[in-house]
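The values are calculated or read from the model by the stated rules, or taken from the named source; none is laboratory data. On a predicted model such as this, the values are computed, not experimentally measured, just so you know. With ideal geometry, Cβ positions are generated from the backbone for all residues, glycine too; neighbour counts draw on all protein chains shown.
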Amino acid sequence: MGNRKLILASGSPRRREILTRQGLEFEVIKSTCEEYTEETEPAGIVKDLSAQKARDVHSMLADADRSSDTFILAADTIVTVDGRVLGKPADEAEAFAMIKNLQGRGHKVYTGVSIIDGTGVMRISFAECTKVQFYPMTDDEINAYIATKDPMDKAGAYGIQGCFAVHVSGIEGDYDNVVGLPVARIYQECRREGIWPIGQMKVAP
């Protein structure tokens, strides 16, 4: 395995938790690039934005990390419904509108993943899609959830792993993809590429 180093290009605590659960050690360097894409299809949007984040963090690397043993993992997640893309809500009013539109029906969650190595070579690039169905919700239920402040930093204005779980009637696909990092697909892609584990595995005491 050598001395492979994994860098997560995200400040998301959910993504950190998913990677930690796999026993991987990694460094967090949050991308600060302004998100913009000319892609119009959901899969293309998240792939492009995740690639931008990975390259942004690559530009911050110290010379010692600019090697083929360093890997930068970046991800971007969006929600789509009726052909519209839902990112993170700008305020509580937008969060209410998003959840109101999603309640009682299905939608899709797309997460794009890009992994580049320290030399700047793109090693992995894909988009994963999961279908999610919500129970009907009253306005009071929506407002009660918004009052928790949980939806404000999440695509589609909800987090499936938190208290909002009581409103989810079902999912079709990868649960972790909805949380923000499809780790099973990442494993399969890295395994085919011959770069798993992409970071140092923790040694059990």
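Here is how the numbers come out for the structure above:
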| read-out | value |
| --- | --- |
| Region 1-23 residues that are assigned to a loop (DSSP other than H, G, I, E, B), paired with ones that are surrounded by fewer than 14 Cβ atoms within 10 Å (Cβ to Cβ) and at pLDDT 95 or above (beta carbon under 6 Å, 6 or more apart) | Gly11/Lys30 |
| Test: residue in region 150-158 that is of a type in the set (A, V, I, L, M), closer than 23 Å to Lys131 by Cβ and modelled with pLDDT under 95 | yes |
| Selected residue (criterion: nearest to Gly87 (Cα to Cα)) from residues of region 154-183 that are in contact with an Asp or Glu (Cβ under 6 Å, 6 or more places away or on another chain) and not in a loop (DSSP other than H, G, I, E, B) | Asn177 |
| Residue within region 117-137 that is more than 18 Å from the chain's Cα centre (by Cα), closer than 17 Å to Glu94 by Cβ, modelled with pLDDT of 95 or more and buried (at least 22 other Cβ atoms within 10 Å of the Cβ) present | no |
| Cβ pairs under 7 Å, 6+ apart, first in region 40-62 and among the polar types (S, T, N, Q), second buried (at least 18 other Cβ atoms within 10 Å of the Cβ) and outside any helix (DSSP H, G or I) | Ser50/Ala74; Ser50/Ala75; Ser50/Asp76; Ser50/Gly112; Ser50/Val113; Ser50/Ser114 |
| Identity of the residue in region 73-110, assigned to a loop (DSSP other than H, G, I, E, B) and among the basic types (Lys, Arg), that ends up nearest to Gln133 (Cα to Cα) | Arg105 |
| Residue check for Leu24: within 22 Å of Gly118 (Cβ to Cβ), modelled with pLDDT under 95 and touching a Gly at 6+ places or on another chain (Cβ under 8 Å) | yes |
| Filter result (in contact (Cβ under 8 Å) with a residue 60 or more places away in the chain and touching a helix residue (DSSP H, G or I) at 6+ places or on another chain (Cβ under 6 Å)) within region 132-155 | Pro151 |
| Filter result (of a type in the set (A, V, I, L, M) and touching a strand residue (DSSP E or B) at 6+ places or on another chain (Cβ under 9 Å)) within region 89-129 | Met98, Ile99, Leu102, Val109, Val113, Ile115, Ile116, Met122, Ile124, Ala127 |
